[in-house]
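Each remark here refers to the structure printed beneath this line.
The values are calculated or read from the model by the stated rules, or taken from the named source; none is laboratory data. All of these numbers come straight from a predicted model, not from anything done at the bench. Heads up, the Cβs are rebuilt from the backbone with ideal geometry, glycines too, and the neighbour counts pull from every protein chain shown. We work out accessible area using only protein heavy atoms, side chains counted, and drop any ligands, DNA or RNA first. Shrake-Rupley method; radii C 1.70, N 1.55, O 1.52, S 1.80 Å.
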Amino acid sequence: MKLTSKEAREFLENERANFENQRWINHSVCVGDTAGKIAEALYKKDINVDIDKTIALGYIHDIGKKFNEHGGVFPHAINGYNYIKELGYDEEYASICIKHSFLNNDIDCISNDRDETDKSNPNYNFVKEYISKEYSIEEKIINLCDLMCITKTLTVEKRMIDLLLRHGVFKKTHYHIEETMKLKEYFDDLLGYNLYDLFPEIKDNL
C-alpha cells in the first residue's frame with residue numbers, strides 16, 4: 001500500500017495530543033517540508049525523484065519515537081519500521097525508519113555512540129544487512145534533511161554543532177561529519193548550485 005504525504009502528516013498531527021514535548025514531531029514536519037523543496041528542485045532538473053513520496057518519508061522517518069522518544073537509534077528505527085509495516089504500507093516507506101539514521105550504507109556512520117552499535121545489540125545484524133543495499137534518491141534526501149533540521153531548517157554545519165553539543169564527540173564523529181558533507185556536496189552537484197539557495201530563511205536561523 002502506498003503512503004501519501006497527506007496521510008503521513010496526519011500520523012504526526014494525531015500524535016500531538018500524546019506528547020507534551022513535541023520536538024520530534026516538529027522536527028519530522030521540518031524534515032518532510034525541507035525534503036520536499038529539495039525534491040522539487042531536483043525534479044525541475046529532470047532528475048527522477050518522487051516529490052510526494054519524499055515528503056511522506058520525511059514526515060514518518062522518526063515515527064518510531066511515538067513509542068519511546070528517547071530510546072536511541074535502534075529502538076526508534078525498529079519500532080518505526082514495524083509500525084509502518086503493520087499498518088500495511090509498502091517496504092519502500094517503512095525502510096526510511098531504519099535508513100535515515102545511517103549514512104553511507106554503514107552501521108557505524110552515526111552521529112553518536114549512545115547505542116554502542118556493536119554485535120551485542122539484538123538488532124545489529126538485521127540493521128547492518130538491511131542498510132547495505134543502495135539507498136533511493138528519496139532516502140538520501142531524508143538522510144540529508146535529517147541533518148539539516150532541528151525544528152527549523154539550518155545549515156548542515158550548524159546542525160553538526162547542535163549534535164556535537166547534545167551528544168558529545170566519539171570515535172565515529174569525524175567519519176560521520178565527513179560523510180554528511182559529502183552527501184550535501186552530492187546534492188549540490190546534482191542541482192548545479194548550493195542547495196542552501198533553496199532556503200533563504202537559513203540566514204535567519206544562523
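For the range 31-60, a tally of residues being out of contact with any Lys or Arg (no Cβ under 6 Å at 6 or more places or on another chain), open to solvent by less than 80 Å² (accessible area, probe 1.4 Å) and in a helix (DSSP H, G or I) returns 19.
A count restricted to the range 77-104 and to residues that are hydrophobic (A, V, I, L, M, F, W, C), outside any helix (DSSP H, G or I) and under 13 Å from the mean Cα position of the chain (by Cα) stands at 1. Look at LYS172 and say whether it is basic (Lys, Arg), modelled with pLDDT under 95 and surrounded by 14 or more Cβ atoms within 10 Å (Cβ to Cβ). Yes. In the range 61-74, the qualifying residues are those that are touching a residue at least 40 places away in the same chain (Cβ under 8 Å) and part of a helix (DSSP H, G or I), and the one that is surrounded by the fewest Cβ atoms within 10 Å (Cβ to Cβ) is LYS66.
Only residues that are closer than 13 Å to HIS61 by Cα and outside any helix (DSSP H, G or I): list them for the range 1-30, please. Lay out the reasoning, then the answer.
Keep residues of the range 1-30 that are closer than 13 Å to HIS61 by Cα, which gives 3, 5, 8-9, 11-12, 24-30.
Scanning the range 1-30 gives a single hit, LEU3.
The set of residues from the range 31-47 being hydroxyl-bearing (Ser, Thr, Tyr) and under 14 Å from GLY58 (Cα atoms) comprises just one member, THR34. Every condition in (1) open to solvent by 30 Å² or more (accessible area, probe 1.4 Å); (2) under 16 Å from the mean Cα position of the chain (by Cα) holds for LYS6 except the one numbered (2).
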